[in-house]
Amino acid sequence: MKRFLKQWLSSQSKMLLRIYVPVIITVLYGMFKFYLFPDSGMLSVAIVYLCAYIFVVYKCRKL
């Protein structure tokens, strides 16, 4: 039972890491960009999200 819970907790933490870290980075970058450069487009925010997502998935794959 302990092994099952340990594996389950590990898989859930990896999933949360893959989901929430790119979202948090994107929200922070979007707020920063909105306050400093409100006239620019939002394409760079999408690019930052994709880069953060790819980086996190790549790093979690090695765990």
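Nothing in this text is a laboratory measurement; each read-out follows from the coordinates by a stated rule. Since this is a predicted model, take the numbers as computed values, not measurements. Quick reminder, even Gly has a Cβ in these numbers, built from the backbone with ideal geometry, and neighbours come from all protein chains shown.
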Just the number, please: Stokes-Einstein D of the chain in µm²/s, Kirkwood Rh from C-alpha pairs, 10 °C, 1.306 mPa s.
-> 120 µm²/s
When the helices in the chain are scored as -39500 (n - 2.57) per DSSP H run of 4 or longer and the sum is shared across all residues, what 222 nm value do you end up with, to the nearest 500 deg cm²/dmol?
-> -30500 deg cm²/dmol
Cα-based helix-to-principal-axis angle, 43-61 vs the chain, degrees rounded to 10 = 20 degrees
In degrees from 0 to 90, rounded to the nearest 10, what is the angle of the helix 2-36 Cα long axis to the longest principal axis of the chain?
-> 10 degrees
Which of the trypsin sites (Lys or Arg not before Pro) found in the range 29-63 are loop residues per DSSP with 16 or fewer other Cβ atoms within 10 Å of their Cβ?
-> Lys62
